[in-house]
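Below is one structure, written out as structure tokens; comments come after it.
The values are calculated or read from the model by the stated rules, or taken from the named source; none is laboratory data. Everything numeric in this text was worked out from a predicted model, so none of it was measured. Here Cβ is always computed from backbone atoms with ideal geometry, including for glycine, and neighbour counts include all displayed protein chains. Ligands, DNA and RNA are stripped out before the accessible areas are found, and what is left, the full protein with its side chains, is counted by its heavy atoms. Shrake-Rupley method; radii C 1.70, N 1.55, O 1.52, S 1.80 Å.
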Amino acid sequence: MSDLLQVRHLSIEYASPRGIVKAVDDVTFSIGKGEIFGLAGESGCGKSTTAFGISRLLRHPAQISGGSVVLDGQELTTLSNDEFDKLRWSKISIVLQSAMNNLNPVLKISNQLIDAILAHDPSMGKEARQRAEQLMKLVDLPVDRLDSYPHELSGGMRQRVVIAMALALRPSLVIMDEPTTALDVVVQNGIIRKIVELQKEFGFSILFITHDLPLMLEMCGRIGIMYAGKLVEVASREQILQKPRHPYTQGLLNSFPSLSGPKQRLSGIPGHTPDLIRPPAGCRFCPRCSQAIQECQTLPPPLVEDAGGQIACHLYSEEGIAREQASAACE
Ligand code: SF4
Ligand code: MG
């Protein structure tokens, strides 16, 4: 699978009265063409901030302080706002949890969809209405709902309109940040099924963000786990389910009711996430990690690529593996 999106050493920070908050620190991952890639982690771990950095939605004072974001061969971080606006919706679009509440309350759905289409492709003229009708059908909404105002639709229907809008210009990457979290479970399931179906039909890539790990494991082929602004592990769904490697990933999986196997006690992870203004000098997970070794306190583990994906943990460095083998041999 060739890469559509390459995020390299991305760092995002913002100034606060207490100091600089390193909200995203040296994050590297890529998303293939037609892939659904997930970013998981507790709230505040930097997953939404990463998405906002990629899609240029960071608000002052947050800013990209380093790294690069390349979409389909084009560097995004150095584009002017005008240049980026040309790509918004046509190459990259975003669906947020709150998007359904951001539809303009005084405009009919038809106007909002048609405006979005015409803003990028004025040549469409009258065909824009036809395209809006097609889009309604795509997300299983009755075409006559085009003439409704947002308040006349349920939350689920409005979120379907937002998804239709995000797909209007056939982008190659759709970022979905908690797209169904505000909806009840039945509505949520219907929308998720629809998203997967549309993705299969049109082959766009998705960066899917949710705190709902079981949902993520159902949807995404590969998953990145973030902790305290760092990407700590990237692996296939199967590997995360069967053999999570990073101690934080293991803890996260134990915090959810049994995903596959028999019932077990939820252990959760003791302790708190660190202060991102003065993070621990070594591994940011060290104060909560039951497997920490000496260097974890002083040396931040680099994110390295290996046969299993990407991992940032001293246990998986060459020395760590050698030590484990040596101690296994002594037993
Ligand atoms: Fe735990 Fe050390 Fe790995 Fe961090 S680097 S997760 S502290 S073992
Ligand atoms: Mg978030």
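Examine the range 246-268 for a residue that is in a loop (DSSP other than H, G, I, E, B), modelled with pLDDT of 95 or more and within 18 Å of His211 (Cβ to Cβ), and state whether such a residue exists. Yes, some residue in the range 246-268 is in a loop (DSSP other than H, G, I, E, B), modelled with pLDDT of 95 or more and within 18 Å of His211 (Cβ to Cβ). Listed by first and then second residue, the pairs with beta-carbon distance under 9 Å, at least 6 apart or on different chains, first residue in the range 87-106 and within 13 Å of ligand 2 (Cβ to nearest atom), second hydrophobic (A, V, I, L, M, F, W, C) and open to solvent by 40 Å² or more (accessible area, probe 1.4 Å), are Ile94/Phe52; Ile94/Leu57; Leu96/Leu57; Gln97/Ala182; Ser98/Ala182. What residue, among those in the range 276-317 that are farther than 18 Å from Gly224 by Cβ and among the hydroxyl-bearing types (Ser, Thr, Tyr), is nearest to ligand 2 (Cβ to nearest atom)? For the range 276-317, the residue satisfying everything is Ser290. A search for C-beta distances below 6 Å between a residue of the range 179-190 that is within 15 Å of Thr210 (Cβ to Cβ) and any residue that is of a type outside the set (Asp, Glu) and open to solvent by 50 Å² or more (accessible area, probe 1.4 Å), counting only pairs 6+ apart in sequence or on different chains, returns Thr181/Gln97; Ala182/Gln97. If you go through the range 49-73 and pick out every residue that is closer than 16 Å to Leu169 by Cβ and either over 18 Å from the mean Cα position of the chain (by Cα) or more than 16 Å from ligand 2 (Cβ to nearest atom) (or both), you end up with 2.
Considering only residues of the range 123-172 that are in a loop (DSSP other than H, G, I, E, B) and among the small types (Gly, Ala, Ser), which is most open to solvent (accessible area, probe 1.4 Å)? Only one residue fits best here, namely Ser154.
Answer yes or no: is there a residue in the range 190-209 that is in a helix (DSSP H, G or I) and closer than 20 Å to Gly53 by Cβ. The answer is no, given that none of the residues of the range 190-209 is in a helix (DSSP H, G or I) and closer than 20 Å to Gly53 by Cβ. Scanning the range 167-181 for residues that are touching a Gly at 6+ places or on another chain (Cβ under 9 Å) and either within 16 Å of ligand 2 (Cβ to nearest atom) or under 13 Å from Lys194 (Cβ atoms) (or both) yields one hit, Thr180. Which members of the range 29-64 meet the condition of being surrounded by 16 or more Cβ atoms within 10 Å (Cβ to Cβ) and assigned to a strand (DSSP E or B)? Passing the criteria: Phe29, Ser30, Ile31, Ile36, Phe37, Gly38, Leu39, Ala40, Ile64.
Just wondering, is there one or more residues in the range 225-234 that are more than 13 Å from Gln310 (Cα to Cα), open to solvent by 10 Å² or more (accessible area, probe 1.4 Å) and either away from ligand 1 (no atom under 16 Å from the Cβ) or not polar (S, T, N, Q) (or both)? No, the range 225-234 contains no residue that is more than 13 Å from Gln310 (Cα to Cα), open to solvent by 10 Å² or more (accessible area, probe 1.4 Å) and either away from ligand 1 (no atom under 16 Å from the Cβ) or not polar (S, T, N, Q) (or both). State whether the residues of the range 175-189 include one that is crowded, with 19+ Cβ neighbours inside 10 Å and assigned to a helix (DSSP H, G or I). Scanning the range 175-189 turns up no residue that is crowded, with 19+ Cβ neighbours inside 10 Å and assigned to a helix (DSSP H, G or I).
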